[in-house]
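Notes for the one structure printed next.
The values are calculated or read from the model by the stated rules, or taken from the named source; none is laboratory data. Computed from a prediction, not measured in an experiment: that's the story for all the values here. No Cβ is skipped: glycine too gets one built from the backbone with ideal geometry, and neighbour counts run over all protein chains shown.
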Amino acid sequence: MEQSTRKCILLVDDDRRLTAMLTELLEAEGYSCVAAPNGARGLLLLNEQRPDLVVLDVMMPGADGIETLRTLRETSTVPVIMLTALGENADRIRGLEAGADDYLAKPFVARELLLRIRAILKRVSEDSGQAQEPELLEVGPLRVQMNRQSASVGSAELQLTNTELRVLSALMKKAGSVVTRQYLSQYAIGRELLPYDRTLDTHVSNLRRKITLTGDSRCNIRTVRGSGYRLTVD
């Protein structure tokens, strides 16, 4: 019975030494782990094992991590942490745009990855608690139903990741007021905002783009320089 309560982490990386080291660390912390050396095997294990979180490397033989993530997001909302090469900002942005929740640049301290995993799983647990109670948010044409994990602008559905949905809900709850970047990072990603960290800004940029694509120009997420963001409805 104890085994069934352990959170399962899927590691998708062709560096077998790294996945072996991470498996040892994570299992010592009470998680169960499965590993895949490429995206195709990772997608197979995703369907077989139903992991609680995926750690996905960008650079892999065959389908890379970005392509694998796009395929994964067609059927799953499982949280994903991308592993990118140090300084490869393009990979980070593409990963977050494809639906990653967070990213970590290689080489990294294993304990930092552990902290990211804990933060996201805690956030997911909080989301599950919210889902027990219907929560409807409406600001102008924007509508969010947290219990259904859905959002829309007027009659247009928004296809949002879990992180984008949390960003939007936080802005809607304080519509017209500035919501700090630190608060949004903690609420939406589950961790403190780090220096030079653009993860939150990329999530906000993706959210803006998806709202714009609906053709409704009444809703705007404005940047308040040095502070955060403000949702306004014209």
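Worth a mention:
- Considering region 178-234, and only residues there that are β-branched (V, I, T) and assigned to a helix (DSSP H, G or I), the residue that is surrounded by the fewest Cβ atoms within 10 Å (Cβ to Cβ) turns out to be T212.
- The lone criterion from (1) outside any strand (DSSP E or B); (2) surrounded by fewer than 18 Cβ atoms within 10 Å (Cβ to Cβ) left unmet by M60 is number (2).
- Looking only at region 159-177, and only at residues there that are within 15 Å of R218 (Cβ to Cβ) and more than 16 Å from the chain's Cα centre (by Cα), the one that is surrounded by the fewest Cβ atoms within 10 Å (Cβ to Cβ): G176
- Taking first residues from region 52-70 that are outside the structural domain of L121 (by TED's automatic domain parsing) and partners that are in a strand (DSSP E or B), no Cβ contact under 8 Å between residues at least 6 apart in sequence or on separate chains turns up.
- Per-region count, region 1-50, residues within 20 Å of the chain's Cα centre (by Cα), farther than 26 Å from V109 by Cβ and outside any helix (DSSP H, G or I): 1
- Total residues in region 7-51, condition charged (D, E, K, R) and either surrounded by 15 or more Cβ atoms within 10 Å (Cβ to Cβ) or closer than 27 Å to E74 by Cβ (or both): 7
- Here S152 does not qualify as of a type in the set (G, A, S), under 13 Å from I221 (Cα atoms) and touching a Leu at 6+ places or on another chain (Cβ under 9 Å).
- Options L142, L115; residue that is out of contact with any Pro (no Cβ under 9 Å at 6 or more places or on another chain), outside the structural domain of L26 (by TED's automatic domain parsing), farther than 13 Å from T199 by Cβ and at pLDDT 90 or above: L142
Here's the yes/no breakdown for (1) assigned by TED's automatic domain parsing to the domain that holds I211; (2) in contact with a Gly (Cβ under 8 Å, 6 or more places away or on another chain); (3) touching a residue at least 40 places away in the same chain (Cβ under 8 Å):
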{"residue": "R94", "(1), (2), (3)": "no, no, no"}
{"residue": "A119", "(1), (2), (3)": "no, yes, yes"}
{"residue": "R123", "(1), (2), (3)": "no, yes, yes"}
{"residue": "E138", "(1), (2), (3)": "yes, no, no"}
{"residue": "M146", "(1), (2), (3)": "yes, no, no"}
